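A.B. asks: To start, I am sharing the structure in question, which I have written as structure tokens.
Bear in mind these aren't lab numbers, they're just calculated from the coordinates by the rules spelled out. If you're wondering where the values come from, they're calculated on a predicted model, not measured in any experiment. In this analysis, Cβ positions are derived from the backbone assuming ideal geometry, glycine residues included, and neighbour counts consider all displayed protein chains.
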């Protein structure tokens, strides 16, 4: 019995050290947090609109979140995306890669946006902003495919293509926007760039299309995404799932509330 009591002390000390190390390691690897935002512009029931989506990724103080590898945002049912008049032409990935968004047909553009990324280099955090153009790509297995062209000039020169698809979704949702996020190398000795903010629009806002009528080329704004005439109970739901390079995941939800007013009337 004395022998057992003599070994208990050292074993207890080792276990304490191991558990402490595990707790510190878990704290250092705290999963990132994500907040999700959604909007309609205009936000009138039965009207054509532009959908706005945004998310912000948070990490513990003094840290940069791990690199994002996939973002999936589910959106409400009965949104007339397929009948929006958007994406009448397609842009090949090779065109975007060679010439950027300016090389795509104007009628292939379906939205725009902005991304903010961070990288940790020693004790310094470097921030980079990039513009996003969303173009219609050739359909994949019968589903609408998109390409997000991300271009950021400094401090890390960045031009990347993020493939995306509009896919079915079940439950309270009508579909999901699935975005694959490629890893972007930063500088030697530093981790990959980590997206911390992203905002995009999907709709006619800020877009100009062209139509050939006889010998004339007419400019016009595409119709936009048709909102249903009735509001779902509790508003229009959005939900996001975000996957990171270290295997962690984060989820977030957002709701666009309904305003009880007649179509065409201004908010009271």
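A.B. asks: Which ordering of 141, 72 is given by a fewest-first count of other beta-carbon atoms within 10 Å?
C.D. replies: Ranked by crowding around the Cβ, least crowded first: 141, 72.
A.B. asks: Points 7 angstrom from Cα along the Cβ direction at residue 43 and residue 151: gap in nanometres?
C.D. replies: Label-label distance for residue 43 and residue 151, simple model: 3.2 nm.
A.B. asks: Over the residues of region 80-193, compute the C-alpha Rg and express it relative to 2.2 N^0.38 Å.
C.D. replies: For region 80-193, the normalised Cα radius of gyration comes out at 1.20.
A.B. asks: I'm checking a number: the convex hull volume of the Cα atoms of region 31-256, normalised per residue, in Å³. What is it?
C.D. replies: Here the figure is 135 Å³ per residue.
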